[in-house]
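Written below as structure tokens is the structure these notes are about.
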Amino acid sequence: MKIRVKQQGEKNNTLLLDEGFPERVLQMSFYLSLIIIACSLSYMSAKLTVSVAIGCFISLLLFKMSWWGIRYGVDKKRSQIKGFFLKVSIVKYFIAGGILFFACVFLDVNAVAMFIGLSIVMAVIMLKIVGSLLVGQLNKTVKLPSERASG
């Protein structure tokens, strides 16, 4: 586990995200999706469970494809990075649109449950950023006594 220590003279940036942030978001979103799908099973409705599962799957897929596109585009230092991101975005949304189309045409889905599934990754990202901001704010306002003062 890599811990980042603030160097002397370094500016405190509360919106600075570490390199493991996307992987933690994906992992937390996956576990939250499993919990929500398990909770939807308690309603004894296949329609509800399938809708939530499809929404969660699409949400996780879109996030994974977006992160792959960003990493690949930046790592390869492509000269036409804007065109590459445009192509990845078009492919990504055609895949998601195709899955949604087939789900709506061939399956009986609940739109609200599917929206809940689709919003899982975005909710996790927002909650992680808000949590980071709150922790940063608390670190500024709450001062712990120094070790030299106590002994």
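The values are calculated or read from the model by the stated rules, or taken from the named source; none is laboratory data. If you're wondering where the values come from, they're calculated on a predicted model, not measured in any experiment. Here Cβ is always computed from backbone atoms with ideal geometry, including for glycine, and neighbour counts include all displayed protein chains.
The set of residues in the range 54-89 that are among the aliphatic types (A, V, I, L, M) and in contact (Cβ under 8 Å) with a residue 60 or more places away in the chain comprises Ile54, Ile58, Leu60. For the range 15-33, check the following and say yes or no: at least one residue is at pLDDT below 90 and more than 24 Å from Gly131 (Cβ to Cβ). Looking for residues that are at pLDDT below 90 and more than 24 Å from Gly131 (Cβ to Cβ), one finds none in the range 15-33, hence no. Filtered by the rule that a residue be under 13 Å from Val112 (Cβ atoms) and touching a Leu at 6+ places or on another chain (Cβ under 8 Å), the range 28-46 gives a lone residue, Ser40. Among the conditions (1) buried (at least 17 other Cβ atoms within 10 Å of the Cβ); (2) on the phi > 0 side of the Ramachandran plot, the only one that Pro22 does not satisfy is (2). Those helices (runs of 4 or more DSSP H) of the range 41-151 in which at least 1 residues are surrounded by 16 or more Cβ atoms within 10 Å (Cβ to Cβ) and of a type outside the set (Lys, Arg), considering only elements entirely within it, cover 46-75, 81-106, 111-118, 120-141.
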